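Trainee: If you scroll down you'll find the structure; I have some questions about it.
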Amino acid sequence: MTPELRALYQEVIIDHGRHPRCFGPMSDATHVLEGYNPLCGDQLKLFLKINHQVIEKAMFEGSGCAISMASASLMAQYLQNQSLDDARKCFKYFHAMVVDKSEPHEKLGKLNILQGVKEYPARVKCATLAWHTLLNALDGKHDIAKTE
Ligand code: ZN
């Protein structure tokens, strides 16, 4: 990654961290799940409106470090109108990128902005918290999703 690209990615993460998109409660959510990353103290609540195997709307609330908030913000944006199938696939690609350090999959689009996190093992859980929460929600779990 070029230094210019890295700087641009950092700018987007800081921007989303400070001004998260899709932020706030949702009154007509069909799925609500909380996530917690004890390592850093990040917490979030994910709201999904799922209809006919499609995520019609995704929003979240929470507090935590810039990476956890930026990751949740970018994920929520990405999930709008995605099929459940595609959302699960995206979880795999995202996980592979930041945990297994694979090259970003083309389907990740803007989410590849978070690829730099793989170089900071302590922050990987901040980046994956929203995704673990999503997966638990899709799997019909009701307990708080934890990264530990
Ligand atoms: Zn964090």
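Nothing in this text is a laboratory measurement; each read-out follows from the coordinates by a stated rule. Remember, it's a predicted structure, so these values are computed and weren't measured experimentally. Cβ atoms come from the backbone with ideal geometry, glycine included; neighbour counts cover every protein chain shown.
Trainee: Report, in debye and to the nearest 20, how large the dipole of the chain comes out about its Cα centre when Lys and Arg carry +1 and Asp and Glu carry -1 on their Cβ.
Mentor: Dipole of the chain, to the nearest 20 debye: 60 debye.
Trainee: To check you understand DSSP bridge types, tell me what percent of the beta bridges within the chain (both residues inside) are antiparallel, rounded to 5.
Mentor: Of all bridge pairs located within the chain, approximately 85 percent are antiparallel.
Trainee: May I ask for the angle, rounded to the nearest 10°, between helix 121-138 and the longest principal axis of the chain, with both axes built from Cα atoms and the value confined to 0 to 90°?
Mentor: 20 degrees
Trainee: Can I ask one more? Using amide H atoms built 1.01 Å from N in the peptide plane, name the residues 5+ places from GLU56, or on other chains, whose amide H lies under 5 Å from its own.
Mentor: LYS49, ILE50, ASN51, ASN81
Trainee: How large is log10 of I(q)/I(0) for the chain at q = 0.10, 0.18 Å⁻¹ when the intensity is taken from the Debye formula with one equal scatterer per alpha-carbon?
Mentor: Here log10 of I(q) over I(0) equals -0.29, -1.00.
Trainee: I've got another one for you. Quick one: helix 3-18 against the long Cα principal axis of the chain, what's the angle to the nearest 10°, folded into 0 to 90?
Mentor: 30 degrees
Trainee: Would you please give the FRET efficiency between GLN77 and LEU8, computed as 1/(1 + (r/R0)^6) with r the Cβ-Cβ distance and R0 = 22 Å, to the nearest 0.05?
Mentor: Rounded to the nearest 0.05, the efficiency is 0.80.
Trainee: Measure nothing but the geometry: give the 0 to 90° angle between the long axis through the Cα atoms of 84-98 and the longest principal axis through the Cα atoms of the chain, rounded to 10°.
Mentor: Computed tilt is about 30 degrees.
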